[in-house]
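The values are calculated or read from the model by the stated rules, or taken from the named source; none is laboratory data. What you see is a predicted model, and the numbers here were worked out from it, not measured in a lab. In this analysis, Cβ positions are derived from the backbone assuming ideal geometry, glycine residues included, and neighbour counts consider all displayed protein chains.
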């Protein structure tokens, strides 16, 4: 089959062996999405080798009979289900896990992908492939609601108007809390304004900062942490949603003095994400910036790496 | 009156004006304790000028009639009681507050100190002055129980066998949770072992680390944060209890990947601290390393600054 393969030096569309079902389901990939993590991997992150991609929607081609033919999305942490972490319900933190397209498991920029059956989720008919392909990053946004008890009278500040920031802003908005998203791109912020979410350009916010009860750092920039700390009220909560490759100098004293709680947040639950897509309480398709065929996978990665580009999709249906 | 005054360059015992009661109570100080923060102030922290010291016990000399003669300790954050923070019960985070011996309010290394009446707490007769003087730092340790829900089957790891680490370890131990304290000084760790708390030398822990559900960083060292992060299990809680003056390079990615919650923790509630002292569920007097008269205040600071010295007391009763 054709697949976009990362060999540690180059990401190339090439012929790769079809995945074997064994104890997994093989999914025929329809549509996949490029994530910042895919780009970080091509800069050395996780020292990964294999087929890239972990955001996708497709149809089960082989596997258990009751799944065959189903339109599905799949969680990306492939857990052992036997260790202490798994037994306490923390499968996404299983120390023995593989992670689709990131760690020891081939990814979704391919004609076919093998995934553990327990990671599959059926996609309701009302959700288009173009929306369903956002399930994984949207689940990562919903993870915040699993971790932080957000009240309707909370004032939430989201830093970042990139792919993840736009999804997080909408998810927080579903709680009824007041959300202000701070970004650098008025055309991206306009996507949120159309949903009734308040936005501010970073330069304006810096001139007149207002502290939040809950602040989310989703800029992916090294300087973002100190700014986000300063934007969090005493005893407030700061959610760290983006991983930054470098280790900037950080003054931790304000966390202690203002008794701020910092919550690291990664992958999330698929069920509320699919529910939000079905009920259209969040809007994802306006985030689509470009679409490429699998054969053009290298161009898709290059496009996704351009400044200011939102979601790039790869059509794997051939 | 005599007082240990910091003028920005030198800490000197000198004659200072007696405090005026006005809307405050004037307390005749019996005994005061030297804290790491006092030493940091003499290195420039907070740019403070005034009488040093914020840990003390004494008798109310003037003020409201029902307080006169009472043996008291006093909270150190002197709030405005009018602002948004105060009205939501966050007086310890009042942006207009003064802080005894730290920010715009003369401290306790003196014959007399003026404090807001609402900050006073009566000391039960069963508690000696030598124990009562620990109320403030013990309250800071109890703050952790206000912020983190510790379960009896939790495994807690405390880094640091200094003054605060020894108090924190005992406070966590009162919850019934399993506590291991990691330190560098076997003679200090022995104080905890005598209370039934498990201890480990840092070098042994590094050879065989075990991750905690709740980890407390109380070493006050810049390298402590990364070690404490590595000691926290996925989805676990890391309590930051010590402020470090410098800004070390910090990799925040492990917080995100392992979804760790970091809780900054500062001053705490006096009531549970006094209760613990009265019921002797914590033991503080073995932490006393030395005792000086107020006239020897400069030597007291010097002694407290020596490596490995636990609590230094200043007798202000003259």
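List of remarks:
- The set of residues in region A:228-247 that are at the interface with chain B (Cβ under 7 Å from one of its Cβ atoms) and modelled with pLDDT of 95 or more comprises A:234, A:235, A:240.
- Among the residues of region B:149-160, those identified as buried (at least 23 other Cβ atoms within 10 Å of the Cβ) and farther than 9 Å from residue B:218 by Cβ are B:156, B:157.
So that you can scan it fast, the table gives a plain yes or no per residue for (1) out of contact with any strand residue (DSSP E or B) (no Cβ under 8 Å at 6 or more places or on another chain); (2) in a loop (DSSP other than H, G, I, E, B):
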residue: A:101; (1), (2): no, yes
residue: A:107; (1), (2): no, yes
residue: A:113; (1), (2): no, no
residue: A:118; (1), (2): yes, no
residue: A:126; (1), (2): yes, yes
residue: A:136; (1), (2): no, no
residue: A:140; (1), (2): yes, no
residue: A:143; (1), (2): yes, no
residue: A:150; (1), (2): no, yes
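- Residue match in region A:300-308 (condition: over 27 Å from residue B:238 (Cα atoms), assigned by TED's automatic domain parsing to the domain that holds residue A:93, in a loop (DSSP other than H, G, I, E, B) and free of Cβ contacts under 8 Å to residues at least 40 places away in the same chain): yes
- Within region B:287-308, the set of residues being surrounded by 15 or more Cβ atoms within 10 Å (Cβ to Cβ), within 17 Å of the chain's Cα centre (by Cα) and under 19 Å from residue B:189 (Cα atoms) comprises B:287, B:288, B:289, B:304.
- Residue within region A:194-214 that is facing chain B (nearest Cβ under 10 Å), within 29 Å of residue B:244 (Cα to Cα), touching a strand residue (DSSP E or B) at 6+ places or on another chain (Cβ under 9 Å) and crowded, with 22+ Cβ neighbours inside 10 Å present: no
Residue-wise test of (1) assigned by TED's automatic domain parsing to the domain that holds residue A:28; (2) in contact (Cβ under 8 Å) with a residue 60 or more places away in the chain; (3) over 23 Å from residue A:34 (Cα atoms).
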residue: A:76; (1), (2), (3): yes, yes, no
residue: A:86; (1), (2), (3): yes, no, yes
residue: A:92; (1), (2), (3): yes, yes, no
residue: A:96; (1), (2), (3): yes, no, yes
residue: A:104; (1), (2), (3): yes, no, no
residue: A:110; (1), (2), (3): yes, yes, no
residue: A:114; (1), (2), (3): yes, yes, no
residue: A:124; (1), (2), (3): yes, yes, no
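- Scanning region A:81-99 for residues being in a loop (DSSP other than H, G, I, E, B) and within 14 Å of chain B (Cβ to nearest Cβ) gives a total of 8.
- The listed residue being in contact with a helix residue (DSSP H, G or I) (Cβ under 9 Å, 6 or more places away or on another chain) and in contact (Cβ under 8 Å) with a residue 40 or more places away in the chain, out of B:20, B:55: B:55
- The lone exception for residue A:268 - which of (1) within 14 Å of chain B (Cβ to nearest Cβ); (2) touching a strand residue (DSSP E or B) at 6+ places or on another chain (Cβ under 9 Å); (3) crowded, with 18+ Cβ neighbours inside 10 Å it fails: (2)
- All positions within region A:17-57 that are at positive phi and part of a strand (DSSP E or B): A:50
- Of all residues in region B:215-227 being more than 20 Å from residue B:307 (Cβ to Cβ) and more than 10 Å from chain A (Cβ to nearest Cβ), the one that is surrounded by the most Cβ atoms within 10 Å (Cβ to Cβ): B:216
- Test: residue B:196 is touching a helix residue (DSSP H, G or I) at 6+ places or on another chain (Cβ under 7 Å) and free of Cβ contacts under 8 Å to residues at least 40 places away in the same chain: no
- Qualifying residue in region B:197-217 (condition: farther than 23 Å from residue A:255 by Cα, in a loop (DSSP other than H, G, I, E, B) and at pLDDT 95 or above): yes
- Region B:218-246, residues that are outside any strand (DSSP E or B) and over 22 Å from the mean Cα position of the chain (by Cα): B:226, B:227, B:229, B:230, B:231
- Some residue of region A:277-295 being free of Cβ contacts under 8 Å to residues at least 24 places away in the same chain, within 21 Å of residue A:160 (Cα to Cα) and touching a strand residue (DSSP E or B) at 6+ places or on another chain (Cβ under 9 Å): yes
A quick yes/no check of all residues on (1) closer than 21 Å to residue A:33 by Cα; (2) within 14 Å of chain B (Cβ to nearest Cβ); (3) surrounded by fewer than 19 Cβ atoms within 10 Å (Cβ to Cβ); (4) at pLDDT 95 or above:
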position	(1), (2), (3), (4)
A:249	no, yes, yes, no
A:252	no, yes, no, no
A:261	no, yes, no, yes
A:277	yes, no, no, yes
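- If you filter region B:161-174 down to residues that are crowded, with 19+ Cβ neighbours inside 10 Å and assigned to a loop (DSSP other than H, G, I, E, B), you find that the one that is nearest to the chain's Cα centre (by Cα) is B:162.
- Complete set of residues in region B:1-30 that are surrounded by 21 or more Cβ atoms within 10 Å (Cβ to Cβ) and under 17 Å from residue B:298 (Cα atoms): B:3, B:4, B:5, B:6, B:11
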